[in-house]
Amino acid sequence: MYTQAMDTMAREGGAKLEKVLSADEQQLQQRFDARIDAGDFIEAKDWMPDNYRKTLLRQISQHAHSEIVGMLPEGNWIGRAPTLKRKAILLAKVQDEGGHGLYLYAAAETLGTSRDQMIDALHSGKAKYSSIFNYPTLNWADIGTIGWLVDGAAIMNQVPICRCSYAPYARAMIRICREESFHQRQGFDSLLVMMRDGTDAQRAMVQDAVNRWWWPCLMMFGPPDDQSPNSAQGMRWGIKRVSNDTLRQKFVDATVEQAKVLGVTLPDPDLKWNEERGQHDFGVIDWSEFWRVVAGDGPNNRERLGMRVKAWDDGEWVREAALAHARKQQTKLEAA
Ligand code: 3HC
């Protein structure tokens with residue numbers, strides 16, 4: 001089922017060629033396929049096909065960068081949080097996202113790509129990060145809405161990755177999902193307070209934020225299954241466990257009920273329960289917007305990348321100081 005053809009396609013003069021595997025490699029490939037079929041986890045030291053490694057690196061890199069860039073829209077509001085409690089929660093959340101990025105960069109390092117290489121790819125615009133973080137945070141209700149909807153969508157997508165076939169990624173995801181769950185709860189709680197105890201103006205702010213974030217959140221799950229070039233292989237290898245459309249549908253079904261508790265309207269006139277399917281129908285997603293944002297032309301792409309590059313450049317002296325300190329310690333140790 002996991003043929004070498006999928007793993008070793010090479011291009012030469014425009015034609016697709018299959019690299020011929022040696023007898024040893026064929027045996028390793030068969031053993032790998034059997035382990036995947038049996039639901040085994042693959043560790044860093046285990047043999048794996050080149051394309052399995054590449055696919056993992058592509059997904060983990062996208063994921064790690066999303067966590068780090070995702071700190072920016074919320075970080076903007078730390079100094080403007082309305083109460084000490086909300087500020088402490090937001091600080092903890094933004095720090096958590098930084099930690100998630102580090103777990104994921106570390107998982108990618110076990111596959112042979114260094115954090116510096118990945119950060120370089122992000123800063124040069126070669127690596128992707130989630131489309132959702134290219135939208136602006138205009139008011140305080142956006143922060144609650146990011147927690148409720150963006151982190152809610154992230155959990156829906158990420159819980160199945162705790163069973164990813166690559167063990168270091170799966171282990172990182174278990175820790176990440178625990179924290180994402182707190183992130184979703186705090187967002188929902190923040191919005192609930194505004195909706196129940198707030199003024200009419202605050203309730204309108206929440207509705208406005210939900211109107212702006214709803215459709216971009218549905219896009220977070222990626223293109224429809226029949227237009228997703230990586231899904232089939234990712235799922236065959238157990239890297240992805242559930243398809244983009246299935247996760248999107250689960251998110252819609254769960255969120256409709258939560259919106260009722262909050263008392264907000266989800267901005268989709270076509271959203272309704274379908275008795276026959278036992279799921280909600282929902283409107284058509286504007287995929288041209290999604291691809292525009294992914295290609296770098298969303299409302300905040302340039303600002304987000306600019307901020308990341310600036311933070312990296314501003315931090316150069318810290319990295320140099322840390323390395324100089326490490327060298328000094330090493331010299332002391334060697335002299336002792
Ligand atoms: N934003 C940006 N790019 C996206 C995207 C999105 N929302 N959804 C898909 N894409 C990209 C893919 O990376 C792929 O591009 P590539 O081939 O150059 O890598 C292309 O669009 C086609 O999509 P596919 O469906 O074929 O790609 P995948 O099979 O990899 O599925 C995915 C996409 C569902 C996002 C999958 O990669 C995944 O589950 N990733 C891990 C989770 C993740 O990255 N989450 C980021 C969300 S935010 C977050 O985690 C932060 C939290 O704190 C909120």
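The values are calculated or read from the model by the stated rules, or taken from the named source; none is laboratory data. Note that the structure is predicted; figures quoted are calculated from it, not measured. Virtual Cβ from ideal backbone geometry, glycine too; neighbours counted across all protein chains shown. Accessible surface areas use protein heavy atoms only, side chains included; no ligands, DNA or RNA. Shrake-Rupley method; radii C 1.70, N 1.55, O 1.52, S 1.80 Å.
Count the net charge of all other residues whose Cβ sits under 9 Å from the Cβ of G263, scoring Lys and Arg as +1 and Asp and Glu as -1. List each step's numbers first, then the result.
Numbers: positive: R196, R203, K260; negative: none.
Summing Lys and Arg as +1 and Asp and Glu as -1 gives +3.
Computing the accessible area with a 1.4 Å probe over protein heavy atoms, can you report the carbon and sulfur percentage for the chain? Show your work: numbers first, answer last.
Working: 9460 of 17270 Å².
That fraction is 55 percent.
Kindly provide the GluC sites (Glu not before Pro) of the stretch 210-311 that DSSP labels as loop, not H, G, I, E or B, and whose Cβ sees at most 10 other Cβ atoms within 10 Å.
Working: sites: E257, E275, E276, E289, E303; in loops: E275, E276.
Filter output for the stretch 210-311: E275, E276.
Enter the Cα centre distance for the pair the stretch 275-297 and the stretch 102-143, rounded to the nearest angstrom.
23 Å
Can you sort V318, V252 by solvent-accessible area, 1.4 Å probe, largest first?
On the way: V318 75, V252 0 Å².
I get V318, V252, largest accessible area first.
Just from its helices, what would the mean residue ellipticity at 222 nm be for the chain, if runs of 4 or more DSSP H residues each count -39500 (n - 2.57) and the sum is divided by every residue, rounded to the nearest 500 deg cm²/dmol? Intermediate values should be presented prior to the final figure.
Details: 15 runs with 210 residues, N = 336.
The per-residue figure over the chain is -20000 deg cm²/dmol.
Suppose a student asked you for the relative contact order of the stretch 179-336, using Cα pairs under 8 Å spaced at least 6 residues apart; what percent would you report?
With pairs under 8 Å counted, the relative contact order is 17 percent.
Using R₀ = 25 Å, calculate the FRET efficiency as 1/(1 + (r/R₀)^6) where r is the Cβ-Cβ separation of D253 and S181; round to 0.05.
0.85
Net charge around M71, counting only other residues with Cβ within less than 12 Å of its Cβ (Lys, Arg = +1; Asp, Glu = -1)? Write down the numbers at each step before the final one.
Working: positive: K93, R304, R308; negative: E67, E74, D96, E97.
Around M71, the surrounding residues sum to -1.
List the trypsin sites (Lys or Arg not before Pro) in the stretch 170-251 that DSSP assigns to loop (not H, G, I, E or B) and whose Cβ has at most 16 other Cβ atoms within 10 Å. Which are they?
On the way: sites: R171, R175, R178, R185, R196, R203, R212, R236, K240, R241, R248, K250; in loops: K240, R241.
Answer by residue number: R241.
Around G187, under 12 Å between beta carbons, what's the net of Lys plus Arg minus Asp minus Glu among the other residues? It would help to have the intermediate numbers written out before the result.
On the way: positive: R86, K93, R185; negative: E74, D142, D151, E180, D189.
Neighbour charge sum, excluding G187 itself: -2.
Keeping all protein chains in place, calculate the accessible area per residue for the stretch 171-316 (probe 1.4 angstrom), answer in Å².
Heavy-atom accessible area per residue stands at 52 Å².
Considering the convex hull of the alpha carbon atoms of the stretch 205-336, report its projected area averaged over all viewing directions, in nm², one decimal. Working shown, then result.
Numbers: hull surface 58.5 nm².
Seen from a random direction, the Cα hull of the stretch 205-336 projects 14.6 nm² on average.
According to the Cα gyration tensor, what semi-axes, each the square root of 5 times an eigenvalue, does the equivalent ellipsoid of the chain have, listed from largest to smallest in whole Å? Mind dumping the intermediate values first?
On the way: eigenvalues 259, 167, 65 Å².
Each semi-axis is √(5λ); the values are 36, 29, 18 Å.
Taking N as the number of residues in the stretch 164-249, what value does Rg over Cα atoms divided by 2.2 N^0.38 Å take? Don't skip to the answer; put the middle values down first.
Values: Rg = 17.4 Å, N = 86, 2.2 N^0.38 = 12.0 Å.
Dividing the Cα Rg of the stretch 164-249 by 2.2 N^0.38 Å gives 1.46.
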